Amino acid sequence: MDKNKKAIIFDLDGVIVDTAKFHFLAWQNLAKKLGINFTAEDNEQLKGVSRVKSLQKILEWGNKEISEQEFKQLMHDKNEEYLTYVDQMTTSDILPKVKDTLDYLKVNNYPIALGSASKNAKRILKHVDLLTYFDAIVDGNEVTKAKPNPEVFLKAAELLKAQPKHAIVFEDSLSGIEAANTAQMLSIGIGDENILKEANYVFKDFEDMGLAKFKEILNE
C-alpha cells in the first residue's frame, strides 16, 4: 500500500449499522426465559463483547448457574433469533453519512478493513450492500481474543499491509477504543464522549464528524 495513505479500520455494530437493538431484543428474551431482568443499560455493557462472554455476564448478573450443554444451546438460540432480525436488514439500516465516508475512502484508494467481534459480519454487510467496500474483513470467526485485546485490529492492519501507527480505527465501545489505543492506532469514537473519552477523537456520529474534519485527520 501507499505508505502515505492511512489504513482505515471500522468496527461494525454501532459504527456502520446499529444492530445493538437486535442484540438487545434477543438477549432480553433469553434473560426472560432464565428469570433474569435485562435492561438497555445492561445491553450497553455487552457492546464489543463476544457472545460467550455476554452470556457469562448475564448469568452472573442473575446469579444463575447452568450446564455446559444448556449454555451452548442458549447461545445457539440467541444467535438464531438475532439472525431473523439481521436477515431483514437493507441499505436503510446503514447509519447516517457512513456510505459517504466509505465512498470517499474508496475513490481515493484508502485501504479499508472491518474489525468486528461479530461472527455474522459478512452476512450483515451483504444485506446492507457494503461488502465490496472492504479490502479485508476480520470478524469473530478469525480471532480468539476479545476486545480490549487488540488482536482483531492488528490482524486487520496486517491484512492491509499497514503498520499499526498508520491505522485509524472507528469504534463505538470503550473496549474497542482501548484495543485501538493498545495497538497504537489512532482511535475515533462514535457515540457518547463521556463513555469514549479515551479516544483520540469522539463524534456523535459520522454526520457530526463531517468529511472536512475527517480529511484533516487523514492528513495528520
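Entry note, the range 154-220: relative contact order of 22 percent, from Cα contacts under 8 Å with a spacing of 6+ residues.
List the relative contact order of the chain as a percent without decimals, with contacts defined as Cα pairs under 8 Å and 6+ residues apart. Before the final figure, lay out the partial values.
On the way: 344 pairs, mean separation 54.2, N = 220.
Computed over the chain, the figure is 25 percent.
Using the Stokes-Einstein relation with a Kirkwood hydrodynamic radius computed over Cα pairs, the translational diffusion coefficient of the chain at 20 °C and a viscosity of 1.002 mPa s comes to 120 µm²/s.
Along the charge dipole of the chain, pointing to its positive end and built from +1/-1 on Cβ of Lys, Arg, Asp and Glu, which listed residue (Met185, Leu211, Gly14) has its Cα farthest out? Sorting the options by dipole projection puts first Met185. Heavy-atom accessible surface of the range 30-152, averaged per residue, reaches 54 Å², computed with a 1.4 Å probe. With the convex hull constructed from alpha-carbon coordinates only, the range 124-220 shows a mean projected area of 6.6 nm² over all directions. 3J(HN,Hα) along the range 211-216, derived from phi through the Karplus expression 6.51 cos²θ - 1.76 cosθ + 1.60 where θ = phi - 60°, amounts to 5, 4, 5, 5, 4, 4 Hz, with x in place of Gly and Pro.
Label-to-label distance for Glu193 and Glu216 is 1.3 nm, based on points extended 7 Å past Cα in the beta-carbon direction. Rolling a 1.4 Å probe over the protein chains gives His127 an accessible area of about 60 Å². Amide H contacts of Leu114: Phe10, Ala136, Ile137, Val138, each under 5 Å away and 5 or more positions distant or on a separate chain (H built 1.01 Å from N in the peptide plane; Pro and chain starts excluded). Within the chain, the longest segment free of exposed loop sites, counting trypsin sites (Lys or Arg not before Pro) that fall outside DSSP classes H, G, I, E and B and have at most 15 other Cβ atoms within 10 Å, spans 4-63. Across the protein chains, with a 1.4 Å probe defining accessible surface, the residues Asp87, Asp139 rank Asp87, Asp139 from largest area downward. With a cap of 13 neighbouring Cβ atoms within 10 Å, and only residues DSSP puts in a loop, list the GluC sites (Glu not before Pro) found in the range 18-100. Within the range 18-100, the qualifying GluC sites (Glu not before Pro) (loop, at most 13 other Cβ atoms within 10 Å) are Glu65.
With no solvent and one point per C-alpha, what does the Debye sum give as log10 I(q)/I(0) for the range 51-143 at q = 0.13, 0.20 Å⁻¹? Treating every Cα as an identical point scatterer, log10 I(q)/I(0) equals -0.59, -1.02.
Counting protein heavy atoms only, the range 142-220 has 48 percent of its accessible area on carbon and sulfur, 1.4 angstrom probe.
Per-residue ellipticity at 222 nm, computed for the chain from helices alone with -39500 (n - 2.57) per DSSP H run of at least four residues, works out to -13500 deg cm²/dmol.
The values are calculated or read from the model by the stated rules, or taken from the named source; none is laboratory data. Quick caveat, the model's predicted, so the values are computed rather than measured. Because the Cβ atoms are built from the backbone with ideal geometry, glycine has one as well, and the counts that use them run over all protein chains shown. To get the accessible areas, we keep the full protein, side chains included, count just its heavy atoms, and leave off ligands, DNA and RNA. Shrake-Rupley method; radii C 1.70, N 1.55, O 1.52, S 1.80 Å.
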